[in-house]
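Student: Structure below; questions to follow.
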Amino acid sequence: MMGYLSYLSVFLLLSSFRVYESCFTEEETEVAKVKSGSSFFQECRCDEPDPKGKHLKWFDINDQEIVTLGPGTKSNIYTEWLDGAFGLYISNVTKSISGEYKCVTIYNGQQYTRTFNVEAYDPPYFVNTAETQYVVNGKDELVICEARGETDPFMSWHKNEDGFIEISDDDKYEVISSRGLVIKNVTKEDSGVYKCTASDLETGEGIDRDIKVVVTYMPIIDGLIATPQATVVVGGSLTIECAANGMPHPKYLWRKISEVEPADVNVTWHEIANSIVFDSVVANDRGVYECTAFNEAGNATKLISIDVLVPPEITEFNNVTVIEGQTAEIACRATGRPRPKIIMSFQGEVDDDIKGVSWNELNASDTETVFQVNLSQALMINQGFYFCIASNDVDVTNETMYLSVLHKPYFETLSETLWAWVGKTVNLSCEHEANPSSQIAWRFQGNDVSTIEQVEINKILEEKIKNHPGQFLPVVIDQPVFYGNYECSARNEYGMSTKTITLREGFVPPAIRNVTIVETTPTSATFAITGPAEVNGPEVIGFTAEYDESNNYNITDIHINRTWSIHRPYKVDKLKPNTTYYIKFAAVNDVGAGQWSETLEFITLETLVPDRPEWATEFEILLATSDNQRLSWKVPENNGDPIDYYAIRYCSLLDPALDVQEESCKEEIVETNEIQLTDLQYNTTYRLELLAHNSQGNSSVSQLLLFVPEGDLSPVLSAGAIIALSVLAVFICLLLLDLLLLVWRKQGIIATCCYKKKNKRKEDTLRSKDKKGLLNNGESSSGDSLRHNSGHKEYEYDKKTGVITGKHSAV
């Protein structure tokens, strides 16, 4: 079939360029089929012209003569002479110019016409045929290939399997000429390249197209992944990814499942690939989201629930004003997700015995909590700041409100007694609580005061009130008439209260009842004082004393004074040891000091300072083992007060013979007989000074030089191991020395053991000769040795070593 079509196409092409070699003398008609858009050329030749000449003309479909194309002109249809032939040329053949074109000649006065019926035809072309098509796995799928042409094209199919193989109808394939190829029960192996060919059997035109068939799979959603997680806090970012697989790769469609109409859903996200992104989550983003993954094979859907946490917000906690005795309600309202928990508290003291106060927490909704404090009868003690703390898993917030209770004036005490004396300025207090503020009025009622004097004093009070409009009234006592009762009245729109202040004349305390000596030291004395039994005036606030040495006490009236507040240790110090003192005491109150007590005599003890502490080393210079050195000393003998501390001062020296570097000196105070010196400098000598201190003074100074060598000399072995190694080293040295004496002089412990018997035998021989009078023949004895002269030889015997030596040899 393909060979036939190719032959037919070549034949038609050649026929469009036919040439007539001679003048024609008959009427002829030819049909020429030409593909739309191609060119057409036809020659009209007359080799045997009329004796009068060649007569050739071309006429178009409208019987209009087609003129020859002149220079510089263009036309789709024109004629031209070429090599003695008169040709017709159509540049672009279309159906609109299809029809009869005539070549006319005159021969011997007779006109002849050659007619060429040029018919334009459209070649086959594809419609609705995609180059890549998808079929669903497991289904019967149609691969679409549709073609149009002058006639219904003939369709054929091939599949590329190491070369194109023609497809015919069978159990796997079915060719539907008008639409395409049906692949039955699609499998993965059906993927590949298919060639669809459309042919026009009349014209021989044919076209083909390679179609890539892709076997597709319905999307499968593996899951919806929320990042960072499906529960997010308002204001945070959130990404929801739809993880799906399919062939071809699926596309995605997102929507929020809502009870409202989809058009009313406010979209706060934007899509990126297979994800939706919330740049800043809002509370309304909470809900269920649906992802639909779809491709040519189908679609799949999956849901995810997103929970949005909202930090607590206190939406209502307002100040409240109530009249005393009326009901009041304090409400703290807070919203959040999860629903916040509310804690309320009161700044003042909460009295559980007070009835009519209830604290209740109410759950208004799944996102709102209300806490209420109900007062059935508001009291002044309920006034103050209230705090509301709202918290959930996200955050904590708090607010403050003030409950104002409107009430009449209240005094803390309705009566008060004050002491005064001539020259004293007394501030009379009318301090009270009132809401709103009140007006104050003063009135005086004197003791044994005439009416005229009372009127005058009240006028003075009125004048003072103008100058001092506050709750304190200053009164200067310059005459006895000002002693008496002062009445303060406070009034506001809710009531009035009155306070009475009794102003009495005060006096200094009487003499104290008793003084005893509790303790004496070389430099101090402590006393016990019993104050006066009764005081007609302000209470005793302290005691004063006047003291001096006995030899100065009667010479001058100027003595040392000391004053103590009450309940403090009554102690005088900085006294001289072993000295007699006189002292007297008086009680003191706000009016002044009372009369003196009888003079008391006491004697201080002798001074006993500690002995000098001794360092716990026999050396004047100590070698440190590291830059952290522990030092100790012996506790000195102490016949006086106990030692309360030790003072250590240490300074670095450039050379032990030089003075200390004062800028390097440091001081330490310890209560025990040891100290740990830290951060010492290597290759440095320190001078240490140590003294002990008690209440009597300081001991003399004990000195020590401490040298810190270069590097850490801390022992690696324990003290027991060092002693054992030392003993072993001494033993080895003695053994080597004894062996050396044995070899060199045949002396020592080993020599004594080896020659003991031999030396004893020779000693017995000498002693026997001594008995026979050898000493008379030149033998002498001296101390631990014996000397013997025999002929030309001289011998000497050492009793300690047992060795006999001679002039020439030693035996």
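The values are calculated or read from the model by the stated rules, or taken from the named source; none is laboratory data. Being a predicted model, the structure only gives us computed values, none of them experimental. Positions of Cβ are backbone-derived with ideal geometry, glycine not excepted, and every protein chain shown enters the neighbour counts. These area figures cover heavy atoms from the full protein model, side chains too; ligands, DNA and RNA do not enter into them. Shrake-Rupley method; radii C 1.70, N 1.55, O 1.52, S 1.80 Å.
Student: Contact list please: Cβ distance under 9 Å, first residue in segment 83-106 and touching a residue at least 12 places away in the same chain (Cβ under 8 Å) and closer than 19 Å to residue 62 by Cβ, second residue of a type in the set (A, V, I, L, M) and part of a helix (DSSP H, G or I), pairs at least six apart or on different chains.
Tutor: The qualifying pairs are 90/97.
Student: Can you give me the number of residues within segment 103-132 that are in a loop (DSSP other than H, G, I, E, B) and not hydroxyl-bearing (Ser, Thr, Tyr)?
Tutor: Adding up the residues that qualify gives 8.
Student: Does segment 66-92 hold any residues that are acidic (Asp, Glu) and within 24 Å of residue 35 (Cα to Cα), and which are they?
Tutor: 80, the sole residue that qualifies.
Student: Which count do you get for residues in segment 133-151 that are assigned to a loop (DSSP other than H, G, I, E, B) and closer than 11 Å to residue 185 by Cβ?
Tutor: The qualifying residues number 4.
To keep it simple, each residue is scored yes or no on (1) surrounded by fewer than 14 Cβ atoms within 10 Å (Cβ to Cβ); (2) in contact (Cβ under 8 Å) with a residue 24 or more places away in the chain; (3) within 30 Å of residue 34 (Cα to Cα).
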residue: 140; (1), (2), (3): yes, yes, no
residue: 143; (1), (2), (3): no, yes, no
residue: 146; (1), (2), (3): no, yes, yes
residue: 165; (1), (2), (3): yes, no, no
residue: 170; (1), (2), (3): yes, no, no
residue: 177; (1), (2), (3): no, yes, yes
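Student: Hey, can you tell me all the residues within segment 401-434 that are among the small types (Gly, Ala, Ser) and either part of a strand (DSSP E or B) or within 59 Å of the chain's Cα centre (by Cα) (or both)?
Tutor: Within segment 401-434, 404, 415, 420, 429, 434 qualify.
Student: Please list, ordered by first then second residue, the pairs with beta carbon atoms under 7 Å, 6 or more apart or interchain, first in segment 610-628 and over 28 Å from residue 643 (Cα atoms), second of a type in the set (Asp, Glu).
Tutor: Pairs that qualify, where the first residue is over 28 Å from residue 643 (Cα atoms) and the partner is of a type in the set (Asp, Glu), are 626/712; 627/679.
Student: Which is open to solvent by 30 Å² or more (accessible area, probe 1.4 Å) and closer than 27 Å to residue 591 by Cα, of 507, 527?
Tutor: Testing whether each residue is open to solvent by 30 Å² or more (accessible area, probe 1.4 Å) and closer than 27 Å to residue 591 by Cα leaves just 507.
Student: Sticking with this one: Across segment 274-286, what is the number of residues that are among the hydrophobic types (A, V, I, L, M, F, W, C) and open to solvent by 20 Å² or more (accessible area, probe 1.4 Å)?
Tutor: 3
Student: Shifting gears a bit: Does residue 754 satisfy being over 60 Å from the mean Cα position of the chain (by Cα) and modelled with pLDDT of 85 or more?
Tutor: No; evaluated as a whole, the condition is false for this residue.
Student: Quick one: is residue 561 open to solvent by 90 Å² or more (accessible area, probe 1.4 Å), of a type in the set (S, T, N, Q) and touching an Asp or Glu at 6+ places or on another chain (Cβ under 9 Å)?
Tutor: In short, yes.
Student: For segment 446-461, state whether one or more residues are assigned to a strand (DSSP E or B), touching an Asp or Glu at 6+ places or on another chain (Cβ under 7 Å) and modelled with pLDDT under 90.
Tutor: Checked segment 446-461: at least one residue is assigned to a strand (DSSP E or B), touching an Asp or Glu at 6+ places or on another chain (Cβ under 7 Å) and modelled with pLDDT under 90.
Student: Is segment 473-480 home to any residue that is under 30 Å from residue 438 (Cβ atoms), open to solvent by 80 Å² or more (accessible area, probe 1.4 Å), part of a strand (DSSP E or B) and touching a residue at least 12 places away in the same chain (Cβ under 8 Å)?
Tutor: no
Student: Considering only residues that are in a loop (DSSP other than H, G, I, E, B), open to solvent by 50 Å² or more (accessible area, probe 1.4 Å) and touching an Asp or Glu at 6+ places or on another chain (Cβ under 7 Å), which ones fall in segment 65-97?
Tutor: 69
For every residue, the table says whether it meets (1) among the hydrophobic types (A, V, I, L, M, F, W, C); (2) surrounded by fewer than 18 Cβ atoms within 10 Å (Cβ to Cβ); (3) farther than 30 Å from residue 136 by Cα.
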residue	(1), (2), (3)
268	no, yes, yes
272	yes, yes, no
288	yes, yes, yes
294	yes, yes, no
300	yes, no, no
305	no, yes, yes
308	yes, no, yes
312	no, no, yes
315	no, yes, yes
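Student: Test residue 100 against the stated conditions and say whether it is open to solvent by 60 Å² or more (accessible area, probe 1.4 Å), in a strand (DSSP E or B) and touching a Leu at 6+ places or on another chain (Cβ under 8 Å).
Tutor: no
Student: Do we have residue 57 as at pLDDT 80 or above, more than 23 Å from residue 122 (Cα to Cα) and part of a loop (DSSP other than H, G, I, E, B) here?
Tutor: no
Student: Among the residues of segment 449-462, is there at least one that is closer than 30 Å to residue 325 by Cα and crowded, with 17+ Cβ neighbours inside 10 Å?
Tutor: Looking for residues that are closer than 30 Å to residue 325 by Cα and crowded, with 17+ Cβ neighbours inside 10 Å, one finds none in segment 449-462, hence no.
Student: Looking at this structure, is residue 485 part of a strand (DSSP E or B), open to solvent by 30 Å² or more (accessible area, probe 1.4 Å) and modelled with pLDDT under 90?
Tutor: In short, yes.
Student: Moving on to the next point. Any residue at all in segment 183-194 that is within 26 Å of residue 138 (Cβ to Cβ), of a type in the set (Phe, Trp, Tyr), in contact (Cβ under 8 Å) with a residue 40 or more places away in the chain and in contact with a Lys or Arg (Cβ under 6 Å, 6 or more places away or on another chain)?
Tutor: Yes, some residue in segment 183-194 is within 26 Å of residue 138 (Cβ to Cβ), of a type in the set (Phe, Trp, Tyr), in contact (Cβ under 8 Å) with a residue 40 or more places away in the chain and in contact with a Lys or Arg (Cβ under 6 Å, 6 or more places away or on another chain).
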